[in-house]
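Every number here is computed from the coordinates shown, using simple stated rules; none is lab data. Please read these numbers as outputs of a predicted model, since none were measured by experiment. So basically every Cβ, Gly included, is an ideal-geometry build from the backbone, and we count neighbours across all protein chains shown.
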Amino acid sequence: MIELGRMRIETEASIVDARSKIGALTRSLGFDVVTVARMAALVSEMCRKARENHEHFHLDVALDQRESRD
């Protein structure tokens, strides 16, 4: 596993920042526009739901190398 970073999620602004960073990451990995938008929306929604129950938390981002499904 390749650890890419950790983001502290405390405010709405930090959720927007996380969404933006995940969007940039998925674009740089070569995903199509629809997948980029879905990943960014997923992260945003997960962060908002988690903030409903916690004041702050961390979002860890990593890549896991798996064999292809060929």
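Data for the structure
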| quantity | calculated |
| --- | --- |
| Check on VAL43, touching a Leu at 6+ places or on another chain (Cβ under 8 Å) and part of a strand (DSSP E or B) | no |
| Enumeration of residues in the range 32-70 that are hydrophobic (A, V, I, L, M, F, W, C) and exposed (fewer than 10 other Cβ atoms within 10 Å of the Cβ) | VAL33, VAL34 |
| Which numbered condition SER20 fails, given (1) at positive phi; (2) assigned to a helix (DSSP H, G or I) | (1) |
| Search result, residues across the range 21-70 that are within 15 Å of ARG8 (Cα to Cα) and among the β-branched types (Val, Ile, Thr) | ILE22, VAL43, VAL61 |
| Where a residue in the range 20-36 is over 20 Å from CYS47 (Cβ atoms) and its partner, wherever it lies, is surrounded by 10 or more Cβ atoms within 10 Å (Cβ to Cβ) and small (Gly, Ala, Ser), with Cβ under 7 Å and at least six apart | none |
| Residue match in the range 19-27 (condition: farther than 24 Å from MET1 by Cα and more than 10 Å from the chain's Cα centre (by Cα)) | no |
| Complete set of residues in the range 10-31 that are hydroxyl-bearing (Ser, Thr, Tyr) and surrounded by 12 or more Cβ atoms within 10 Å (Cβ to Cβ) | SER14, SER20, THR26 |
| From VAL34, VAL61, residue being part of a helix (DSSP H, G or I) and of a type in the set (Val, Ile, Thr) | VAL34 |
